[in-house]
Amino acid sequence: MDLSEPQIMGILNVTPDSFYADSRAKTEAAIAERTRQIVEEGGSIIDIGACSTRPNATPVPLEEEIKRLKKGLQIIRKELPDVTVSVDTFRADVARMCVEEYGVAIINDISSGSMDAAMFPTVASLGVPYIVMHMQGTPQDMQHAPHYDNVTAEIIYYLSEKVKKLRDLGVKDIIIDPGFGFGKTLEHNYELMNQLDEFAIFGLPLLVGISRKSMIYKLLDETPEDALNGTTVLNTIALLKGANILRVHDVKAAKEVAQIVTAMKHTTDNK
């Protein structure tokens with residue numbers, strides 16, 4: 001995939017309890033419609049998740065996650081057999097099933113292997129790109145009292161250790177994600193966004209996922225349903241500070257941001 005221009009990852013939640021209600025697709029018709037919508041609006045990656053990782057969420061049993069994903073992936077492959085699919089999971093067995101049975105191309109793990117010790121060796125054996133994300137704590141406790149002395153420096157150090165372990169196992173394609181909203185206060189999130197260009201030190205693709213999150217709607221005293229404008233503002237800032245992939249609910253809006261930022265950068269490059 002060419003990352004010289006921003007790529008848009010559209011979120012497909014096959015869960016009943018994701019924090020943004022409009023993102024939930026439970027019926028076969030809803031999953032098929034969402035799959036087509038992501039691609040028609042300019043998304044180049046579909047990120048499917050079947051286990052909510054919102055704050056205080058309780059993980060569903062392994063069998064239920066697999067059942068939901070099989071249903072969703074069967075529909076995606078029927079609708080758009082060649083589309084690039086990422087699976088949002090922290091379980092190694094789920095990752096293996098999705099890659100081997102449905103040709104999923106990317107593993108998106110919120111825990112960076114911390115919630116399943118088999119994840120890193122599994123990704124290495126599968127030979128697929130891996131999104132390594134920072135999270136302080138777990139979804140059950142990450143927002144209780146997150147603390148950092150230097151949020152950006154500590155996240156960079158954390159990710160550098162994870163990248164080293166992955167490299168030692170032979171993983172070649174790694175994408176980094178600072179993990180906005182995962183074990184971070186509102187102030188931490190904005191400090192992190194302000195210093196996002198520091199992550200260029202990795203020389204790796206950078207994914208940003210802030211779509212309709214509480215760092216937007218709590219600051220603006222809104223709800224997730226009202227947070228599209230704030231999401232667009234932060235997506236613009238993220239691209240200007242070096243993000244390569246935007247993980248979003250609203251693909252059309254994010255694609256327009258990417259087109260505008262790309263046009264502006266091309267103008268600068270041509271001078």
query = What 222 nm value per residue comes from the helices of the chain, counting each DSSP H run with n ≥ 4 as -39,500 (n - 2.57) and dividing by all residues, nearest 500 deg cm²/dmol?
reply = -13000 deg cm²/dmol
query = Two-decimal Rg/Rh of the chain from alpha-carbon positions, Kirkwood Rh?
reply = 0.93
request  = May I ask you to compute the full-extension gain from Lys70 to Glu222, defined as 0.36 nm times their residue separation minus their alpha-carbon distance, rounded to one decimal in nm?
outcome  = 51.2 nm
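Quick one: net charge around Lys255, please, counting Lys, Arg +1 and Asp, Glu -1 for every other residue with C-beta under 14 Å from its C-beta.
Numbers: positive: Arg247, Lys252; negative: Glu5, Glu40, Glu41, Asp250, Glu256.
Local charge sum for Lys255: -3.
Report the antiparallel proportion of the DSSP beta bridges in the chain as a percent, rounded to a multiple of 5. Please list the in-between numbers first.
Details: 0 of 28 bridges.
So the antiparallel bridges in the chain amount to around 0 percent.
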query = With charges only on Cβ, +1 for K and R and -1 for D and E, what is the dipole size of the chain about its Cα centre, in debye, rounded to 20?
reply = 360 debye
task = Please go through the residue pairs Lys184/Lys213; Lys218/Lys252; Lys172/Lys241; Lys78/Lys255; Lys172/Lys255; Lys26/Lys78 and name each one whose alpha carbons sit more than 19 Å apart in this structure.
result = Lys218/Lys252; Lys172/Lys241; Lys78/Lys255; Lys172/Lys255
remark   = Here, Asp2 and Lys164, labelled 7 Å along Cα→Cβ, have an inter-label distance in nm of 3.7 nm
query = So how far, in whole Å, is the C-alpha centre of the stretch 54-98 from the one of the stretch 109-139?
reply = 15 Å
ask   = Which of the peptides 239-247, 30-38 is most tightly packed, and how do the rest follow, going by the mean number of other Cβ atoms within 10 Å of each residue?
value = 239-247, 30-38
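Rule-based calculations on the coordinates, nothing more; no lab input. Nothing here was measured: the structure is a model prediction, and the numbers come from that model. Note that we place each Cβ from the backbone using ideal geometry, even for glycine, and neighbour counts take in every protein chain shown.
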